[in-house]
Amino acid sequence: MITIDGRGDRKAILQARGLDKRYRRGNEDIHVLQGLNLDVDSGDFVAFMGPSGSGKTTLLNLLGGIDVPSAGSITVAGEQTTRLSARELTRWRARHVGFVFQMYNLIPVLTAFQNVELPLLLTSLSKSERRKRVEVALDLVGLGERMKHYPRQLSGGQEQRVGIARAIVADPTFLLCDEPTGDLDRKSADEVMDLLERLVHEQHKTVLMVTHDPLVAERAHAVLHIDKGVLVEARKEQQVVGAAQ
Amino acid sequence: MKFRHLVLGNLFRKKIRTALTIASFTVALFLFCALAIVQLAFQPTGINVQGADRLLVVNKVSVIIPMPVSYQARMARIPGVRGVTYATWFGGVYQDDQNSFAQYAVDTATWRPLFPEFNVAEDQWKAFVEDREAAFVGEQTAKRFNWKIGDRIPLKGTTYSGVWEFNIRGIYTGKSPEDDTSVFWMHWDLLNERIEDKNQKNLVGWYTVALNNPEDADRVIKAIDSEFANSGWETKSATEKAFASSFAQQLGNVKLMVLSIGAVVFFTLLLVTGNTIAIAVRERLRELAILKAIGYSDGFVLSLVVFESMTVAVIGSLVGLGLAELMVLHGDPTGGSLPYFYLSRGAAVTAIGLSLVTGVIASIVPAISAMRLKIVEALRRA
């Protein structure tokens with residue numbers, strides 16, 4: 001169940017309450033998010049849509065703990081991340097969040113294997129355990145044969161799949177995908193979306209995705225629209241409580 | 001080291017830039033080592049800095065004015081003195097005026113026990129003592145002129161005119177690289193015998209006095225100088241160490257010069273490396289932000305940048321040190337006129353230490369800026 005009225009189930013894996021984000025740019029005060037509420041259950045696949053500058057990516061950044069809200073709170077799996085120190089937040093990200101970026105953001109000097117291994121280097125796993133996990137993740141995204149390839153030797157779609165493998169390899173609580181298909185052609189975009197769907201349905205991952213593409217958004221359980229920092233509407237097969245239809 | 005791929009990958013990202021930065025460290029370290037070698041070579045010839053257990057006694061007026069040989073017995077009677085020997089500067093050249101090196105006319109009866117830092121074979125020393133025209137040559141000079149035991153060597157006197165011929169009866173080596181093996185020893189008796197001017201006979205250039213206890217140095221120095229005060233040849237005594245230091249100051253402060261040049265070299269290296277690392281960090285702000293986003297700490301990012309810089313410094317330094325050692329192995333480029341030609345362990349350690357410190361300082365500003373990087377801003381900007 002996804003709710004945006006601030007009265008969601010306490011069992012939700014992710015809860016945002018009264019999220020506010022303001023920036024100061026020169027003399028201008030920019031109010032990006034305005035008292036936003038959100039509850040997402042484990043295994044949900046949510047797409048955020050909206051015009052540029054509406055606050056979609058800012059919301060994702062706040063949920064992922066790479067930015068801090070001006071006001072409000074975020075609770076993930078019972079832990080209020082907005083109360084964590086910068087150091088604690090870093091450790092929390094390593095455990096709970098898998099990021100997938102529009103530009104893939106792989107390290108160009110590392111192979112696909114080494115890129116996917118990066119989050120595991122922060123764990124106490126042995127070398128052989130890390131290898132096993134990386135191989136599983138790369139097999140899952142269909143790139144088991146290309147683990148020794150460098151990003152420059154992969155297509156855009158393959159790079160993004162490596163990015164997804166990197167995001168899931170440490171088994172995070174949820175995935176945050178910022179325009180995961182924004183730089184891909186339709187065929188590659190479909191492949192990436194097939195993969196994300198499989199992760200949700202077969203691996204029971206929770207995915208929150210920002211996109212401009214309605215066809216991509218169609219794949220999510222629920223689509224939330226953000227305009228001027230407020231969640232204003234929603235639609236899709238899953239009922240979103242509190243949203244104007 | 002599980003992060004080695006990350007470090008090595010970043011180092012080899014721009015191979016030419018990394019190679020040039022490594023080369024900067026190599027050149028700087030090689031230059032520093034070369035200067036250190038030169039500085040060692042400029043240490044006063046023939047004066048082994050043993051510390052305070054040996055004294056040098058010279059004429060108070062000037063080191064080039066001799067003193068009577070009779071002083072030896074009077075010094076030997078002073079309490080605390082273990083032995084006294086003497087020598088005179090001969091000042092000859094071999095074949096060509098450019099082939100100059102130190103030659104001492106020594107007292108064969110007392111010389112050897114006072115210089116335990118040299119390896120002198122018993123049979124060779126015996127042959128040297130028994131032959132008045134004999135010479136005992138340091139390994140460095142023997143190698144320089146390809147002399148062997150049994151060779152008869154002509155030297156053209158500059159201070160004492162004429163051609164003097166000597167039989168090489170022995171070749172000594174030093175027990176450590178600091179020991180000067182460039183000196184040619186001959187019999188003082190022979191020199192004294194052949195001097196025709198009666199006023200120049202029975203005179204010696206300097207005395208070396210060995211002490212029973214180094215702590216007696218001040219007292220014995222005073223005793224010797226008092227002994228000969230108001231005589232025709234007043235003395236000036238000092239420990240070898242003090243004498244060497246004062247001699248070095250007369251030559252000019254080579255050490256200061258070496259340190260000054262070394263400081264300029266490393267400061268320039270600091271600027272060059274700092275700039276290179278700053279560019280390298282700026283080029284991968286997005287990657288550093290990604291690392292932080294997926295859970296790498298600020299401290300890790302700082303350490304990564306510093307470690308990369310130190311890796312470059314270590315590789316460059318080791319290559320530079322290797323080149324300096326090769327230069328030493330290849331031998332004195334002047335053909336042997338430098339009495340010492342080696343790289344001391346202290347200089348090598350100092351050079352490596354300076355390189356590492358330069359590597360750390362050069363990277364610290366870019367590393368701190370990488371550490372403070374805001375993930376969201378970096379992702380938006382890059």
*Peptide A:108-115, shielding by other chains (average Cβ, 10 Å cutoff)*: 4
*Simple Cβ-charge dipole of the protein assembly as shown, Lys/Arg +1 and Asp/Glu -1, about Cα centre, in debye nearest 20*: 1120 debye
*Subtract the Cα-Cα distance of B:S62 and B:V264 from 0.36 nm times their separation in residues, and report this length gain in nm to one decimal.*
69.0 nm
*Rounded to the nearest 20 Debye, what is the dipole magnitude of region B:200-324 about its Cα centre when Lys and Arg each give +1 and Asp and Glu each give -1 at the C-beta?*
400 debye
*Going down the list A:K56/B:K292; A:K148/B:K2; B:K126/B:K201; A:K21/B:K14; B:K60/B:K143; A:K187/B:K292, which pairs span over 28 Å between their C-alpha atoms?*
A:K21/B:K14; B:K60/B:K143; A:K187/B:K292
*Given the peptides A:16-26, B:284-294, arrange them by the average over their residues of other C-beta atoms within 10 Å, most packed first.*
B:284-294, A:16-26
*Just add up the charged neighbours of B:V120: K/R +1, D/E -1, any other residue whose Cβ is under 12 Å from the Cβ of B:V120.*
-1
*Could you tell me how many degrees, from 0 to 90 and to the nearest 10, lie between the Cα long axis of helix A:186-203 and the main elongation axis, the longest principal axis, of the Cα atoms of chain A?*
80 degrees
_Label-to-label distance, nm, for residues given as B:L271 and A:E218 (7 Å Cα→Cβ offset)_ = 6.3 nm
*Could you please report the charge total around A:V192, scoring K, R as +1 and D, E as -1 over all other residues with beta-carbon less than 12 angstrom from its beta-carbon?*
-4
*asked:* Neighbour counts of other C-beta atoms within 10 Å: give me B:S344, A:S42 arranged from fewest to most.
replied: A:S42, B:S344
*Compute the long axis of helix A:156-168 from its Cα atoms, compare it with the longest principal axis of the Cα atoms of chain A, and write down the angle in degrees, 0 to 90, nearest 10.*
80 degrees
*Over all Cα pairs of region A:2-105, how is the pair count split among 10 Å bins, expressed in % and running from 0 up to the last occupied bin?*
14, 46, 34, 5, 0
*Amide H partners (placed H, <5 Å) of A:D44, local residues excluded*: A:V207
*Cross-link partners of B:K148 among aspartates and glutamates (Cα-Cα below 12 Å; sequence separation of 8 or more within a chain)*: B:E139
*Considering only DSSP beta bridges whose two residues both sit in chain A, what percent are antiparallel, to the nearest 5?*
55 percent
*Please determine, in degrees from 0 to 90 and to the nearest 10, the orientation of helix A:127-140 with respect to the longest principal axis defined by the Cα atoms of chain A, where the helix direction is its Cα long axis.*
70 degrees
_Cut-off is 10 Å between beta-carbons; in what order do A:H204, B:H5, A:H212 appear when sorted fewest neighbours first?_
A:H204, A:H212, B:H5
*B:T173 versus B:I279: modelled label distance in nm, points set 7 Å from Cα along the beta carbon direction*: 5.0 nm
*Taking 0.36 nm per residue of separation and subtracting the Cα-Cα distance, what length does fully extending B:D96 through B:S369 add?*
91.9 nm
*Take every residue in peptide A:62-69, count the Cβ atoms of other chains within 10 Å of its Cβ, and give the average of those counts.*
3
*Please identify which residues in region B:146-175 have an amide N closer than 20 Å to a label point set 7 Å out from the Cα of B:E130, following the Cα→Cβ vector.*
B:148-153, B:166-172
*Which of A:L118, A:G144, A:S52 sits closest to the plus end of the dipole of chain A, meaning its Cα is farthest towards the positive end, when Lys and Arg get +1 and Asp and Glu get -1 on the C-beta?*
A:L118
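Just so you know, all these numbers are worked out from the coordinates, no wet-lab data involved. Please read all numbers here as calculations on a predicted model, not as lab measurements. Using ideal geometry, Cβ is built from the backbone for each residue, glycine included, and neighbour counts are taken over all protein chains shown.
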